[in-house]
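Encoded as structure tokens, the structure appears first; notes follow it.
The values are calculated or read from the model by the stated rules, or taken from the named source; none is laboratory data. The structure displayed is predicted, hence computed values, not measured ones. Cβ placement follows ideal geometry from the backbone for every residue including glycine, while neighbour counts extend to all protein chains displayed.
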Amino acid sequence: MRKLLFLLPVFVLILGTALAQTGTQHGICLTWTAPTIGTGEPALSGYNVYRTIGSGPATKINTTLVIGTTYVDPNSDITVGTTYSYDVTAVDANGNESTPSNTASITPTTLIVNPGAPSGCNAKQQ
């Protein structure tokens, strides 16, 4: 049985509102440091991101593995004044998942909302 020592959480989560942008989404930006993979160990496939709202249970919020060390939790379901806690796990090529990283928490005080779409756009041949 392989030890998953290479997947021990060596993540550092940095949180802030609207520090990053995915398409037109704003929200809570998570970043972390990738673990070191030991020689002969399976390659890292990606990450799972878990969110806890208040004192509720942790829920995985990504639908596919996160590739890279950044994830934006969009503000579509984030509420001002509510505390959100996040942790991340690493998943190797064999599907093994690490223990959770440290937990980072944030209580948003404002949400950045995208402006409304323009209207009345017309085109004509010149």
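The set of residues from region 68-88 being out of contact with any Leu (no Cβ under 8 Å at 6 or more places or on another chain) and either over 17 Å from Ile53 (Cα atoms) or not in a strand (DSSP E or B) (or both) comprises Gly68, Thr69, Ser76, Asp77, Thr79, Gly81, Thr82, Thr83. Selection of region 34-47 for residues being polar (S, T, N, Q) and under 16 Å from Leu65 (Cα atoms) yields only Ser45.
Look at Thr59 and say whether it is outside any loop (DSSP other than H, G, I, E, B), β-branched (Val, Ile, Thr) and touching a strand residue (DSSP E or B) at 6+ places or on another chain (Cβ under 8 Å). Yes. Please go through region 79-126 and give me each residue that is loosely packed, with under 13 Cβ neighbours inside 10 Å, of a type in the set (A, V, I, L, M, F, W, C) and in contact (Cβ under 8 Å) with a residue 24 or more places away in the chain, ordered by number. Selection gives Val80, Ala93, Ile112, Val113. Within region 75-92, if we keep just the residues that are small (Gly, Ala, Ser) and modelled with pLDDT of 85 or more, the residue that is farthest from Ile37 (Cα to Cα) turns out to be Gly81. Checked against the criteria, Thr39 counts as modelled with pLDDT under 95 and of a type in the set (Ser, Thr, Tyr).
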